[in-house]
1. Filter the stretch 92-146 down to the residues that are at negative phi and small (Gly, Ala, Ser) and list them by number.
2. What about Ala175, is it buried (at least 19 other Cβ atoms within 10 Å of the Cβ), in a helix (DSSP H, G or I) and either in contact with a His (Cβ under 9 Å, 6 or more places away or on another chain) or hydrophobic (A, V, I, L, M, F, W, C) (or both)?
3. Might you let me know whether the stretch 4-19 holds any residue that is of a type in the set (S, T, N, Q), in contact with a helix residue (DSSP H, G or I) (Cβ under 6 Å, 6 or more places away or on another chain) and closer than 12 Å to Val177 by Cα?
4. Name the one entry in Leu83, Leu33 that is within 18 Å of the chain's Cα centre (by Cα), over 22 Å from Phe14 (Cα atoms) and part of a loop (DSSP other than H, G, I, E, B).
5. Among (1) out of contact with any Phe, Trp or Tyr (no Cβ under 8 Å at 6 or more places or on another chain); (2) modelled with pLDDT of 95 or more; (3) more than 18 Å from Ala166 (Cα to Cα), where does Val35 come up short?
6. Sort out which residues of the stretch 121-164 are acidic (Asp, Glu) and surrounded by 13 or more Cβ atoms within 10 Å (Cβ to Cβ), and write them in order of number.
7. Among the residues of the stretch 64-72, are any surrounded by 18 or more Cβ atoms within 10 Å (Cβ to Cβ), outside any loop (DSSP other than H, G, I, E, B) and touching a Leu at 6+ places or on another chain (Cβ under 6 Å)?
8. Examine the stretch 77-92 for a residue that is at pLDDT 95 or above and farther than 27 Å from Gln127 by Cβ, and state whether such a residue exists.
Amino acid sequence: MTDKYHMTQEQNVFVAKRNIIDYIWKSAKLEGLGVTYPDTEAIFNGMAVPGVKVSEIVAVNNLKHAWQFLLDTLDVPCDYALLCKLNRLVGGDNLILDAGQLRKWPVSIGGTTWKPDMPDDQAIRQQLGEIAAIEGTTERAIALMLYVMRGQFFLDGNKRTAMLAANQVMIGGGAGVITVPIDDQREFTRLLVDYYESNDMGELARFVYDRCVDGIAFGNGGASASL
């Protein structure tokens with residue numbers, strides 16, 4: 001899986017900051033939040049948004065803070081501690097119970113009878129280390145994202161946490177930004193449920209690579225878009 005974009009970290013940060021409201025909005029929609037793009041922009045800019053649920057305002061603000069943290073820690077390894085910190089930011093202001101801590105209770109997943117195993121910190125650390133050894137930035141980021149999504153390590157906010165972690169890797173390596181376009185979110189969710197049940201990320205990884213990697217060539221060209 002070759003990288004589709006070959007930006008400097010500075011260029012990739014520019015792309016992320018330029019489109020950050022759009023990325024936050026798409027992430028919120030993927031989680032089923034009812035905010036519109038104008039709502040998200042207003043919340044991001046600290047403006048009042050009548051008619052929007054307080055919990056949705058908190059969720060958007062938490063994503064804003066998580067993105068700010070992400071962009072400040074691009075040279076930090078995306079390890080177990082960073083993953084927990086991202087979930088703590090995603091679930092802050094009492095949005096998620098025990099945010100930033102591994103869940104202690106079994107959970108169910110909508111759309112499937114499959115249930116994730118209880119998380120084990122040592123196993124997670126080991127798997128994160130193996131993923132960190134993947135050479136290609138995009139391949140490493142996608143593997144990380146899908147592993148965290150399926151693991152359901154936290155009581156809530158797992159998809160948001162997983163995507164933030166993946167983008168910490170992507171932007172740090174100048175490989176672009178992973179974001180699920182609105183028109184592709186239904187198919188992404190279908191493939192995600194299939195992945196939950198099969199533990200085979202191949203089809204979903206290809207979909208993310210083909211449809212969900214954003215970036216700018218900046219005149220230095222993009223890599224061949226092939227797996």
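1. Once the filter is applied, which keeps residues that are at negative phi and small (Gly, Ala, Ser), the stretch 92-146 yields Gly92, Ala99, Ser108, Gly110, Ala123, Gly129, Ala132, Ala133, Gly136, Ala141, Ala143.
2. It is false that Ala175 is buried (at least 19 other Cβ atoms within 10 Å of the Cβ), in a helix (DSSP H, G or I) and either in contact with a His (Cβ under 9 Å, 6 or more places away or on another chain) or hydrophobic (A, V, I, L, M, F, W, C) (or both).
3. Yes, the conditions are met somewhere in the stretch 4-19.
4. Every option except Leu33 fails the conditions.
5. For Val35, the failing item is (1).
6. Once the filter is applied, which keeps residues that are acidic (Asp, Glu) and surrounded by 13 or more Cβ atoms within 10 Å (Cβ to Cβ), the stretch 121-164 yields Glu139, Asp156.
7. Yes, there is a match, as at least one residue in the stretch 64-72 is surrounded by 18 or more Cβ atoms within 10 Å (Cβ to Cβ), outside any loop (DSSP other than H, G, I, E, B) and touching a Leu at 6+ places or on another chain (Cβ under 6 Å).
8. No - not one qualifying residue is present in the stretch 77-92.
The values are calculated or read from the model by the stated rules, or taken from the named source; none is laboratory data. Please read these numbers as outputs of a predicted model, since none were measured by experiment. Note that we place each Cβ from the backbone using ideal geometry, even for glycine, and neighbour counts take in every protein chain shown.
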